[in-house]
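A short worksheet on the structure shown next.
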Amino acid sequence: MSGSIVINGGTPLQGTIGVLGAKNAALKHMVASLLAPGLHTIENVPGILDVAIMGQVLEHVGASCVTDGTTLQIDVPETPNPEAPLELVRQMRASILVLGALLARTGEARVALPGGDDFGARPIDFHLRGLEQMGVEFDLRHGVLHAAAPNGLTGTDIFFEFPSVGATENILLAAVLAKGTTTIGNAAREPELTDLAEYLMKMGAKIDGAGTSTIEVHGVERLGPATHRTVPDRLEAGTYLVAGAMSRGEVTVTDCRPEHLRMELKKLEEAGCDVAITEHTVTVRGPDIPMATDIATLPYPGFHTDMHPQMVAFLSVAGGTSLVTENIYSGRFRYLGELNRMGADIHADGQHVVIRGVENLSGCEIDGCDIRAAAALTIAALRADGVTTINDAQHVDRGYDGFVPKLASLGADIRRT
Ligand code: UD1
């Protein structure tokens, strides 16, 4: 579905909504299923476009995917096809993980260089160097990466210069079926990665230290299918909480893991929100005028880069000047021009975003840019005077299941055209 989202701003959001499993975990689980032949069941999977695209990638490789509500069943063949389809991989960055999984299963892989959101260069050199250390040879021909491990994959000591989520995941997928032990140093610690390791362990993988900076993987000969429930989406939860705060309302998110949002909730408190948590819920009440606050995005447990646009939208109406420093993807600023069209006073200098708070935003016609940008612009529109039309609204479908109906259920005057 493409089209536009039309919002008539000014209504404070009130109420309770649940969140589903994390996009950034479910997509990885889908790839991980390729490591074991047989019938896998992944629960709590959001009905988003990226899951559908990944389903097509898996089908091309020879698996079959059947969805029943939020449960996904994946039947993986004994011998997968080692080639991922070019046109699908280019649409979605997470598909680069098929490299590690296919190499582990078949000793070879042919994968296009991945696409994804348009926010600057997203290199994969850490993935490739780590796999090379494990015995993989690469050849890039006409945009397609040809990978082969002529002598199989061998465990080794890998140390990343930055705790990359994707690279840690790719090495993890390759290492679970490699010969011997792989140690991943300066590994990413994101909850979605820990969740991936839990699923792999249910499949029979031997992994120590997931969730810490050093992960040790002891390769096994064969894995079996498993059933796993995807960890709740901290980004979906965070987005609705900021939306509620921006609208001067009060929103409760259920079925989430508040401990995965500690830094984001701390920043909302600093900005003047009232925050209350229980084991699986978070309630945020927004102030009349947010307080200016500074944020730097960092690997987990730091502030998530995928919550940066939503917070910039919120701080655009703060009583003062805020500084947001983007340390992960400094090319993700295209949406700032759209916020400024709504009356915000924001400029970017290198990786820094300076936000001078304004009293009011006003609705106008803008472009959605990417998943989190489209969410951030919707958040701005909830408070703006008059009507905002966000074109290219299909971006939200890549990351949010039922974005418009969920906001409408909280009282937003919002519709899809
Ligand atoms: C990023 C997010 C992740 C989120 C995902 C989807 C971080 C640290 N990562 O993961 O939480 O789930 O987007 O939106 O917040 N890099 C290299 N070479 C590489 C790989 C990465 O230089 O081979 C750099 C990147 O340019 C970036 C940083 O390392 O500056 C982190 O990248 P990485 O964690 O790999 O990004 P994603 O896996 O896309």
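Is it fair to say residue 322 is open to solvent by 60 Å² or more (accessible area, probe 1.4 Å), assigned by TED's automatic domain parsing to the domain that holds residue 310 and modelled with pLDDT of 95 or more?
Spelling it out, it is not the case that residue 322 is open to solvent by 60 Å² or more (accessible area, probe 1.4 Å), assigned by TED's automatic domain parsing to the domain that holds residue 310 and modelled with pLDDT of 95 or more.
Tell me yes or no: at least one residue of the range 101-109 is at pLDDT below 95 and open to solvent by 60 Å² or more (accessible area, probe 1.4 Å).
No, because not a single residue in the range 101-109 is at pLDDT below 95 and open to solvent by 60 Å² or more (accessible area, probe 1.4 Å).
Would a scan of the range 174-185 turn up a residue that is assigned by TED's automatic domain parsing to the domain that holds residue 36, closer than 27 Å to residue 230 by Cβ, within 18 Å of the chain's Cα centre (by Cα) and among the polar types (S, T, N, Q)?
No - not one qualifying residue is present in the range 174-185.
Take residues that are of a type in the set (Phe, Trp, Tyr) and touching a residue at least 24 places away in the same chain (Cβ under 8 Å) and tell me which of the strands (runs of 3 or more DSSP E) falling wholly in the range 60-168 contain 1 or more.
The strands (runs of 3 or more DSSP E) meeting that bar are 157-159.
Pick out the one residue from 52, 26 that is within 19 Å of residue 201 (Cβ to Cβ) and assigned to a helix (DSSP H, G or I).
Exactly one of 52, 26 is within 19 Å of residue 201 (Cβ to Cβ) and assigned to a helix (DSSP H, G or I), namely 26.
Are any of the residues in the range 355-364 of a type in the set (Asp, Glu) and over 12 Å from residue 316 (Cβ atoms)?
no
Of everything in the range 297-319, what is part of a loop (DSSP other than H, G, I, E, B) and either open to solvent by 40 Å² or more (accessible area, probe 1.4 Å) or within 9 Å of the ligand (Cβ to nearest atom) (or both)? Give them in sequence order.
Scanning the range 297-319 gives 298, 299, 300, 301, 302, 304, 319.
So, residue 141, is that one open to solvent by 70 Å² or more (accessible area, probe 1.4 Å), modelled with pLDDT under 95, among the basic types (Lys, Arg) and within 27 Å of residue 393 (Cα to Cα) or not?
no
Yes or no, residue by residue, for (1) within 14 Å of the ligand (Cβ to nearest atom); (2) open to solvent by less than 60 Å² (accessible area, probe 1.4 Å); (3) modelled with pLDDT under 95; (4) of a type in the set (Val, Ile, Thr):
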residue	(1), (2), (3), (4)
118	yes, no, yes, no
133	yes, no, no, no
149	no, yes, no, no
153	no, yes, no, no
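Could you pull out the residue among 328, 371 that is under 22 Å from the mean Cα position of the chain (by Cα) and either away from the ligand (no atom under 16 Å from the Cβ) or open to solvent by 40 Å² or more (accessible area, probe 1.4 Å) (or both)?
328
The values are calculated or read from the model by the stated rules, or taken from the named source; none is laboratory data. Everything quoted here is computed from the prediction, not taken from an experiment. Don't worry about glycine lacking a Cβ; one is built from the backbone with ideal geometry, like all the others, and counts go over all protein chains shown. Note: areas computed on protein heavy atoms with side chains; ligands, DNA, RNA excluded. Shrake-Rupley method; radii C 1.70, N 1.55, O 1.52, S 1.80 Å.
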